[in-house]
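Below you'll find the structure, written out as structure tokens, and then a few comments.
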Amino acid sequence: MTDEAVQSLVERPRSSSASASKDEGPPHELVTLTRAQLLASEPDHDGLLSTGAEAIDVRVSPSVVDRSMSLLDALLKRWVARGGSFGSPKAPDGTESFSTFTTGTDGLGVQLVENVDENKPLTDPGRLTSKLSLHIVGANNQQFRRRWSDTKTQRLERMLGVFVDTLANVLAVIRQERLDEECIQRQKDRAKAVRKVVNRDLSRVFYSRQDLMQNVRRWVDAQQVRAYLADLQAAVEAGKCRVADAEQFRTWFDWASQFADSIDPIIQGSLPEGSQPGHQNVATSELDLTAATRRTVDRLGIPDTDGLYQQSQDAVRNACEGKFGPVWNEIARVLEGLAYDVSRRAEASAWW
């Protein structure tokens with residue numbers, strides 16, 4: 001809300017039909033606490049007594065304690081009659097601070113002080129003017145009247161109505177701005193959650209397309225190898241192609257047929273080179289990994305490389321906090337170095 005809007009609220013006083021008279025009933029409990037703290041305090045260099053935590057922030061000389069407490073009692077009762085309450089928020093260091101005037105969870109500090117004539121020396125009794133001022137503390141980003149003081153023609157007691165109106169109106173603005181900020185944050189959180197789901201689904205679609213097209217290319221290659229072998233065998237049988245060593249040709253032909261089956265993503269035959277050397281099953285904690293891959297493997301919670309070998313691309317991608325490609329490729333390199341068969345593992349792009 002703009003400063004002009006705040007000003008329009010706080011400078012439009014409305015009558016407090018529920019105002020409380022300062023003479024009605026015993027003093028408010030906060031007044032009793034504040035008075036006790038004042039009377040127990042020592043005067044400062046200006047001769048002013050002051051309060052501390054949980055009380056209202058008051059700084060006055062002993063001669064005006066009675067009047068300041070009477071004024072404060074009237075103010076507090078007006079605030080309660082209007083539906084307000086009080087709180088003692090904690091300071092950043094965890095200690096209790098002065099009591100605040102609150103509505104709900106929003107609050108503002110109020111300070112009652114005696115005006116001091118700084119132009120007069122400390123020894124001059126006239127330095128303490130006996131004139132009181134009320135200050136609103138907080139909401140520094142808002143523009144509104146923050147100070148009310150005794151004047152020559154009007155005492156502070158006659159200004160309590162507009163003071164309470166200002167407090168209430170500013171707190172209403174603070175509350176609305178807080179609710180608006182919370183609403184915006186909820187909107188952002190919901191949009192972020194949706195973006196996360198959409199991006200995850202798009203990522204899965206992207207890698208699914210990659211895997212599909214890679215399998216299609218391997219299938220086409222297998223079909224072409226088989227077609228070539230079929231034409232070659234037909235040519236040999238028809239005498240169009242002469243073979244110098246029939247036994248060696250048959251061995252090579254069997255190897256080539258098996259190779260076609262090994263690259264075919266449908267058949268997924270074994271490699272024609274024969275059995276692979278036995279792999280080593282090693283604890284994942286002992287693997288030589290980069291920092292990013294180590295974090296991913298730890299998130300997977302796999303105890304050894306046999307379990308790591310069984311992990312799918314999706315499982316590794318979900319456990320990966322950054323780019324998936326380099327992590328997936330590093331895991332394949334490490335497994336290959338331990339004699340695992342990673343020949344049919346699709347290599348991921350280093351850019352994703």
Output the number of the condition that residue 296 fails; it satisfies all remaining conditions of (1) free of Cβ contacts under 8 Å to residues at least 60 places away in the same chain; (2) part of a helix (DSSP H, G or I); (3) farther than 13 Å from residue 331 by Cα.
(3)
Of the residues in segment 246-270, those that are in a loop (DSSP other than H, G, I, E, B) and modelled with pLDDT of 90 or more come to 264, 265, 266
Here is a list: 61, 85, 99. Which entry is in the same structural domain as residue 117 (by TED's automatic domain parsing), loosely packed, with under 13 Cβ neighbours inside 10 Å and either more than 18 Å from residue 26 (Cβ to Cβ) or in contact with a Phe, Trp or Tyr (Cβ under 8 Å, 6 or more places away or on another chain) (or both)?
85
If we scan segment 186-208, do we find a residue that is hydroxyl-bearing (Ser, Thr, Tyr) and farther than 30 Å from residue 265 by Cβ?
no
When both residues are 6+ apart or on different chains and their Cβ atoms are under 7 Å apart, which pairs have a first residue that lies in segment 213-229 and is within 14 Å of residue 261 (Cβ to Cβ) and in a helix (DSSP H, G or I), and a second that is aromatic (Phe, Trp, Tyr) and at pLDDT below 95?
225/259; 229/253
Within segment 79-102, identify whether any single residue is within 18 Å of residue 171 (Cβ to Cβ) and free of Cβ contacts under 8 Å to residues at least 12 places away in the same chain, and answer yes or no.
no
Look at residue 114 and say whether it is touching a residue at least 60 places away in the same chain (Cβ under 8 Å) and in contact with a Lys or Arg (Cβ under 7 Å, 6 or more places away or on another chain).
yes
Tell me, yes or no, whether segment 222-245 has at least one residue that is closer than 30 Å to residue 326 by Cβ, at pLDDT 90 or above and exposed (fewer than 15 other Cβ atoms within 10 Å of the Cβ).
no
Scan segment 164-180 and give yes if some residue there is more than 24 Å from the chain's Cα centre (by Cα) and assigned to a strand (DSSP E or B), otherwise no.
no
Would you confirm, using the coordinates I've provided, whether residue 160 is among the aliphatic types (A, V, I, L, M) and assigned to a strand (DSSP E or B)?
no
Scan 53, 5, 18 and give me the residue that is under 21 Å from residue 88 (Cα atoms), surrounded by fewer than 16 Cβ atoms within 10 Å (Cβ to Cβ) and at pLDDT below 95.
53
Residue satisfying all of: in segment 116-143; assigned to a loop (DSSP other than H, G, I, E, B) and under 20 Å from residue 98 (Cβ atoms); modelled with the highest pLDDT among these:
138
Residue set 231, 211; condition charged (D, E, K, R) and either within 20 Å of residue 336 (Cβ to Cβ) or assigned by TED's automatic domain parsing to the domain that holds residue 333 (or both); output residue 211
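The values are calculated or read from the model by the stated rules, or taken from the named source; none is laboratory data. The structure presented is a predicted model; accordingly, all values stated were derived computationally and were not measured. Methodologically, a virtual Cβ is constructed for each residue, glycine included, from the backbone with ideal geometry; neighbour enumeration extends over all protein chains shown.
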